[in-house]
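Everything below concerns the one structure shown next.
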Amino acid sequence: TVKRNTVYSLNSSTIEMIEFSPGVENIELSEQGLQFDSTTDDPYFLLPSLQDVDYDKASLHITMQNDLHLNTKIYFKQNSSEDYSEENTDGREINAGLNQIIFNLDRVADDSRIRVDPGHISGRYNILNIEIKSRL
């Protein structure tokens with residue numbers, strides 16, 4: 001058993017701390033999680049930059065409730081000078097229903113922002129929780 005320390009939680013964020021892509025509307029952040037509508041087929045958001053997180057020993061946990069089959073991805077930077085690209089992604093295909101997705105963050109550059117693409121369709125998204133956990 002590996003003990004994990006939560007270093008980021010959606011519960012501790014405000015809407016101002018998260019940057020959303022164009023076409024993301026009706027954003028709600030509450031105790032029930034993050035909900036929004038996307039008018040495009042490429043919705044995404046950037047998590048806040050975290051100081052003093054050792055991404056080599058961290059994982060991103062996303063819990064979503066969705067009505068359709070989705071391809072959920074994260075984009076990351078391996079060094080601070082590069083842009084987000086398809087080479088620096090990790091993705092999971094998820095079915096309709098309640099899903100928990102875990103991404104290993106060992107290739108993420110320190111102090112960079114993780115981009116979350118919850119799916120590639122327009123419509124309503126319901127993200128119940130996001131946490132970054134560090135192995136102790």
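The values are calculated or read from the model by the stated rules, or taken from the named source; none is laboratory data. Quantities reported herein were computed from a predicted structural model and do not represent experimental measurements. In this analysis, Cβ positions are derived from the backbone assuming ideal geometry, glycine residues included, and neighbour counts consider all displayed protein chains. Calculation scope for accessible area: heavy atoms of the full protein, side chains included, ligands and nucleic acids excluded. Shrake-Rupley method; radii C 1.70, N 1.55, O 1.52, S 1.80 Å.
Within the chain, the longest run free of exposed loop sites, counting GluC sites (Glu not before Pro) that sit outside DSSP helix and strand states (H, G, I, E, B) and have at most 13 other Cβ atoms within 10 Å, spans 83-136. Taking a Cβ cut-off of under 12 Å around K77, the surrounding Lys, Arg, Asp and Glu residues balance to a net charge of -2, with basic ones at +1 and acidic ones at -1.
Here the range 94-136 is scanned for amide nitrogen atoms under 12 Å from the site 7 Å beyond the Cα of N11 along Cα-to-Cβ, giving 129-131. Listed by chain and number, the aspartates and glutamates placed with their C-alpha closer than 13 angstrom to that of K73 are D42, E86, E87, D90, E93, D117; residues fewer than eight positions away on the same chain are left out. Taking a straight Cα-Cα cut-off under 13 Å and skipping sequence neighbours fewer than 8 places away in the same chain, the aspartates and glutamates within cross-link reach of K57 are D106, D110. Distance between the C-alpha centres of the range 86-125 and the range 39-62: 8 Å, rounded to the whole angstrom.
The figure for D67 is an accessible area of roughly 140 square angstrom, using a 1.4 Å probe on the protein chains alone.
Taking a sphere under 14 Å around the Cβ of I27 and counting the other residues whose Cβ falls inside, with K and R at +1 and D and E at -1, yields a net charge of -4.
Over the range 42-136, the pair-distance histogram of Cα-Cα distances with 5 Å bins from zero comes to 3, 13, 26, 25, 17, 11, 5, 1 percent, rounded to whole numbers.
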